[in-house]
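Heads up: the structure comes next, in structure tokens.
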Amino acid sequence: MFAGNGLFYPILGFASFVVFIYMSFGGLRFSLEEEKELGFVMRNGTQFMLDGKEFYVNGWNSYWLMDHSVDFSSRFKVREMMKIGAKMGLTVCRTWAFNDGHYNALQISPGHFDEQVFQALDYVIAEAKQNGVRLLLSLVNNLQPYGGKSQYVKWAWQEGVGLSASNDSFFYDPSIRSYFKNYIKTVLTRKNTFTGIEYRNDPTIFGWELINEPRCMTDRSGDTLQEWIEEMSAFVKLIDKKHLLTIGNEGFYGPNDPKDLTVNPNYWASKLGSDYIRNSKVSNIDFTSVHIYPDQWFHEDEKAIETQLKFVYKWMLSHIEDGDQVLKKPVLFSEYGLSKKNQNFTISAREKMYETILNIVYKSAKRNRSGAGALVWQFLFSGMEDYTDDYGIVPGESPSTQSLFIKHSCRLAKLKGWISQHDVNFKQLC
């Protein structure tokens, strides 16, 4: 070749090395490209605010982002997922900021962290910032995947300080509360290795979620969970006063609430130790979280799509009414979905449900009401079968579904005057 065989192979080897570094350490470009300036999302009464304007959320869940950023070779999926979301006009992504004691664990044991995994979370935040997407970061799981409260209980039991083997001791055991507070402090004060910004000072983070879908069934009065929420929310605000905070509730009304009998999906919903109104009234909680899964919550004979749509309408309007009149806080529908495993499932039925949910949010935005947005569960990148569930969507493989979210992004942007904040591609898309 041009350099002769003797010089060609070293040059080829060096070039291959450079390509590998670029593909693997895509985050290195963050310091080289012009950074997008983001402002903190704030709250004014029942509405989110951004740069002096009302901010209504259209977004998605991708719980797997940190896990897929540990291995350099799979980071491109995170990068592409963020690009896809941004091009659809989506503004917030909810993801896990935890992995306790499992494969690719962030927290290996109480107070001990894997730096490589922490750098993976750094990468997720930096990539979101690069694409103008904000993150709602959840701090622990009520369920077992990725460790959850059961892992904390196991640690306390192994160290001989646990009060009980019950998973619900996560909420009342002093040693476990101390473990979790240390975790909160470590995450919130983390200095991002890509951006140099402490998490608590980074406006890329939309807000913090205390726990995904908390339940404390050993205390149906709700007192145990209520005390935990009060203590942990105060602790978060002691460290970070800049970010919004939510609980992560599913939205079930408590046993003393009249809506237990009129709005809850089933009799068991008020017997889980959570209480939507009481929990959400805690002063340090900035906005409420509600999930929408009628296909999980109903009996088989109630799963006709028409029945589910009626429930969705009633469920959402009830919580928006609560946000407006009782709680005086924004309401974020932070998970919603329709399972492929439902009898007679069709893409059309799923899209009908999603359109119903997005239309309710849009009407709330038009009237400046508390229904402040919705996050679909969940988006995946192509080829991620191991991470999918009955609800997973690959946007590029579901063009009709993808168009629903783009349409909703565009009408929210036009309604609230956000078009100028999006990139050229999104302007053309709308």
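The values are calculated or read from the model by the stated rules, or taken from the named source; none is laboratory data. As the structure is a computational prediction, the values presented were derived from the model and not from experiment. When we count neighbours, we look across all protein chains shown, and the Cβ atoms used for this are built from the backbone with ideal geometry, even at glycine. Just so you know, the surface numbers come from the protein's heavy atoms only, side chains and all, with ligands and any DNA or RNA stripped out. Shrake-Rupley method; radii C 1.70, N 1.55, O 1.52, S 1.80 Å.
Have a look at ILE108, ILE125 and point out the one that is open to solvent by 20 Å² or more (accessible area, probe 1.4 Å) and either touching a helix residue (DSSP H, G or I) at 6+ places or on another chain (Cβ under 7 Å) or not charged (D, E, K, R) (or both).
One residue alone meets the criteria, ILE108.
Only one of (1) within 23 Å of the chain's Cα centre (by Cα); (2) within 18 Å of PHE113 (Cα to Cα); (3) not β-branched (Val, Ile, Thr) is not met by LEU143, so which one is it?
Against the list (1) within 23 Å of the chain's Cα centre (by Cα); (2) within 18 Å of PHE113 (Cα to Cα); (3) not β-branched (Val, Ile, Thr), LEU143 comes up short only on (2).
Sort out which residues of the stretch 223-254 are aromatic (Phe, Trp, Tyr) and within 23 Å of LEU50 (Cβ to Cβ), and write them in order of number.
none
I'm trying to understand the selection: among the residues of the stretch 37-81, which are under 16 Å from the mean Cα position of the chain (by Cα), part of a helix (DSSP H, G or I) and not β-branched (Val, Ile, Thr)?
ASP67, HIS68, MET81
Would you tally the residues in the stretch 361-405 being in a helix (DSSP H, G or I), among the aliphatic types (A, V, I, L, M) and open to solvent by 10 Å² or more (accessible area, probe 1.4 Å)?
1
Which one of the conditions (1) surrounded by fewer than 21 Cβ atoms within 10 Å (Cβ to Cβ); (2) touching a His at 6+ places or on another chain (Cβ under 7 Å) does ILE205 fail to meet, given that it meets all the rest?
(1)
Looking at ASP322, is it buried (at least 18 other Cβ atoms within 10 Å of the Cβ), at pLDDT below 95 and part of a helix (DSSP H, G or I)?
It is false that ASP322 is buried (at least 18 other Cβ atoms within 10 Å of the Cβ), at pLDDT below 95 and part of a helix (DSSP H, G or I).
Does the stretch 80-87 include one or more residues that are open to solvent by less than 30 Å² (accessible area, probe 1.4 Å) and in contact with a helix residue (DSSP H, G or I) (Cβ under 7 Å, 6 or more places away or on another chain)?
Yes: the stretch 80-87 contains one or more residues that are open to solvent by less than 30 Å² (accessible area, probe 1.4 Å) and in contact with a helix residue (DSSP H, G or I) (Cβ under 7 Å, 6 or more places away or on another chain).
Take the residues in the stretch 129-185 that are aliphatic (A, V, I, L, M) and open to solvent by 10 Å² or more (accessible area, probe 1.4 Å), then tell me which one is nearest to SER334 (Cα to Cα).
Ranking the qualifying residues of the stretch 129-185, first place goes to LEU143.
Could you tell me which numbered condition LEU135 fails, if it satisfies all but one of (1) in contact with a Lys or Arg (Cβ under 9 Å, 6 or more places away or on another chain); (2) more than 20 Å from THR186 (Cβ to Cβ)?
Of (1) in contact with a Lys or Arg (Cβ under 9 Å, 6 or more places away or on another chain); (2) more than 20 Å from THR186 (Cβ to Cβ), only one is false for LEU135: (2).
Out of (1) without any contact (Cβ under 8 Å) to a residue 24 or more places away in the chain; (2) in contact with a strand residue (DSSP E or B) (Cβ under 6 Å, 6 or more places away or on another chain), what's the single condition that is false for HIS408?
If we test HIS408 against (1) without any contact (Cβ under 8 Å) to a residue 24 or more places away in the chain; (2) in contact with a strand residue (DSSP E or B) (Cβ under 6 Å, 6 or more places away or on another chain), just (1) comes out false.
Among the candidates ILE176, ILE184, single out the residue that is under 16 Å from ILE239 (Cβ atoms) and outside any loop (DSSP other than H, G, I, E, B).
So the residue among ILE176, ILE184 that is under 16 Å from ILE239 (Cβ atoms) and outside any loop (DSSP other than H, G, I, E, B) is ILE184.
Please specify each residue of the stretch 263-296 satisfying the condition of being hydroxyl-bearing (Ser, Thr, Tyr) and outside any helix (DSSP H, G or I).
Residues satisfying the conditions are SER274, SER283, THR288, SER289, TYR293.
How many of the residues in the stretch 98-125 are over 16 Å from the mean Cα position of the chain (by Cα) and among the hydrophobic types (A, V, I, L, M, F, W, C)?
Residues meeting the conditions: 7.
Got at least one residue in the stretch 71-88 being charged (D, E, K, R), at pLDDT 95 or above and touching a strand residue (DSSP E or B) at 6+ places or on another chain (Cβ under 8 Å)?
No, every residue in the stretch 71-88 fails to be charged (D, E, K, R), at pLDDT 95 or above and touching a strand residue (DSSP E or B) at 6+ places or on another chain (Cβ under 8 Å).
Of all residues in the stretch 380-399, which are in contact (Cβ under 8 Å) with a residue 60 or more places away in the chain and under 18 Å from the mean Cα position of the chain (by Cα)?
Scanning the stretch 380-399 gives LEU380, PHE381, TYR387, PRO395.
ASN342 is checked against (1) modelled with pLDDT under 95; (2) open to solvent by 30 Å² or more (accessible area, probe 1.4 Å) and fails just one. What number does that condition carry?
Failed condition: (2).
Hey, among ASP219, ASP260, which residue is free of Cβ contacts under 8 Å to residues at least 24 places away in the same chain, of a type in the set (D, E, K, R), surrounded by fewer than 22 Cβ atoms within 10 Å (Cβ to Cβ) and over 22 Å from ILE184 (Cβ atoms)?
The match here is ASP260.
On the basis of being closer than 19 Å to GLU335 by Cβ and not in a loop (DSSP other than H, G, I, E, B), does ALA234 make the cut?
It is false that ALA234 is closer than 19 Å to GLU335 by Cβ and not in a loop (DSSP other than H, G, I, E, B).
Residues to consider are GLY162, GLY207; find the one that is outside any helix (DSSP H, G or I) and more than 24 Å from PHE252 (Cα to Cα).
The match here is GLY162.
Looking at the stretch 300-319, is at least one residue in a loop (DSSP other than H, G, I, E, B) and not β-branched (Val, Ile, Thr)?
The answer is yes; a qualifying residue exists.
Provide a single number: the residues in the stretch 345-356 that are open to solvent by less than 50 Å² (accessible area, probe 1.4 Å) and either in a loop (DSSP other than H, G, I, E, B) or under 13 Å from THR401 (Cβ atoms) (or both).
Of the residues in the stretch 345-356, 5 are open to solvent by less than 50 Å² (accessible area, probe 1.4 Å) and either in a loop (DSSP other than H, G, I, E, B) or under 13 Å from THR401 (Cβ atoms) (or both).
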